[in-house]
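What follows is a short report on a single structure.
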Amino acid sequence: MKKIPSGLIGAAVVLTATLPLATGAHAQASQGVSKDEIVLGSIQDLSGPIAGFGKQVRLGMMLRVDEANEQGGLNGRKIKLIVEDSKYDPRNAVLAAQKLVNQDKIFAMIGHIGTAQNMAAMPVQFQKNVINFFPVTAAREMYEPFHKLKYSFAATYYDQMRVAVPMLAKEKGSKKICAMYQDDEFGLEVKRGAEDGLKAAGMAMAAETTYKRGATDFASQMQKLASEQCDMVVLGTIIRETIGAIATARRLNFNPTFIGSSAAYTDLIHKLGGPAMNGLYATMTVQHPYLDSASQPIRFWATKYQTKFNEEPTVFSVYGYSAMDAFIRAATKAGNNLTTDSFIKAMDTMTIPPDIFGSAEMTFSPTKRLGSNATRMSQLVDNRWKVTTEYMNTNASK
């Protein structure tokens, strides 16, 4: 989810910026690595408002872990993955991080979902020299300010919207571009990106409205935007808010062009929202792994996933699988003496090639902690995501 929210930002940023990387004896004895095992942790929403995403990320990671362990593990060590439930609440994320870091003694945190949740948990991890690897959020804070223990894979929500919104607005001839967004850091990043992109293109945001995290009623927001006669609406929404907002707009006979970020790029939108969702645009990178995909490698992978878990894979399954695959690549490259320092050294010269799902190439360096800042767009057509653009490089990675 290439972000997601909050008030803990100030403290988190200060801590992440200033906590040093452990050196000396600590670097030689990184926790979570034994002769036979590497212990990894992940925090997902397994029972809250984006549990649909969290469960899929978890299964994707599990598939890659099982593949690696069946092949003998990483340099002879089996991977043990421990997943905790944040319920999409930053306070629960802190408790989960404390358990994983201090009790389970994980080596690294992989694919933690949610912006506010990551920002709350990172200080807990960094105090114990635990890497935050490929969080499932496209927040800038996942790689800024620079910290040796941060690695991110997704073009930010801000940059996604900054390049996509003005491009789509021009293509559609939109005259009045508006926004509805979640009242937190995730939503603000979507709105800020759209605003700045429009401003650079000589346009402006005409109206905006917000909702509280967990809201289920969007009647007042859609009525406001309809009354403003908005012909494009930027959505800083995730699953049910995307569905709720568009369904409400359709009932009001309000039919602007809707565009969401990668947080709204999921099969759950059309599976739960039905035909009313058709026409929605969303920024994305990897294509949805449909079982009947035209790509044979994707069909093979999707069938393997379905056979193992008895459900169809999704984009978030791919995020989990790919995050774990990237970790495995780097840990393997780090060699037998796996420590936090050797892992960082491996990542600092890492190039991850495009995969079967169409992701962009990722590169890292001692000063670059965002793998790729490229994004593209898909649209829901006949209850199926169809890629509509090539990659647009945001030219904003650090």
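Structure notes:
- A 1.4 Å probe run over the chain, with the rest of the protein chains in place, finds 37 Å² accessible per residue.
- Under 15 Å of direct C-alpha separation, and excluding same-chain neighbours fewer than eight residues apart, K172 reaches these aspartates and glutamates: D231.
- CD proxy at 222 nm, helix term only [per DSSP H run n ≥ 4: -39500 (n - 2.57); per residue of the chain; nearest 500]: -12500 deg cm²/dmol
- Computed about its Cα centre, the charge dipole of the chain is approximately 220 debye, with only Lys, Arg, Asp and Glu carrying charge at their Cβ.
- Per-peptide average of other Cβ atoms within 10 Å, ordering 320-330, 46-56, 152-162 highest first: 152-162, 320-330, 46-56
- Cα→Cβ-extended label distance, 7 Å offset, between S227 and Q306, nm: 4.7
- With a Förster radius of 35 Å applied to the C-beta separation of A207 and R91, the computed FRET efficiency comes to 0.60.
- When each of K55/K212; K191/K368; K80/K308; K271/K308; K55/K199 is checked by Cα-Cα distance, pairs over 27 Å: K55/K199
- Accessible surface of the chain [probe 1.4 Å, protein heavy atoms]: carbon and sulfur percent: 50
- Under the simplified labelling scheme, the K105-N253 pair shows an inter-label distance of 6.8 nm, with each label point 7 Å from Cα along Cα→Cβ.
The values are calculated or read from the model by the stated rules, or taken from the named source; none is laboratory data. Predicted model only: the values in this text are computed from it and were never measured. Heads up, the Cβs are rebuilt from the backbone with ideal geometry, glycines too, and the neighbour counts pull from every protein chain shown. What goes into the accessible areas is simple: the full protein's heavy atoms, side chains included, and nothing from ligands, DNA or RNA. Shrake-Rupley method; radii C 1.70, N 1.55, O 1.52, S 1.80 Å.
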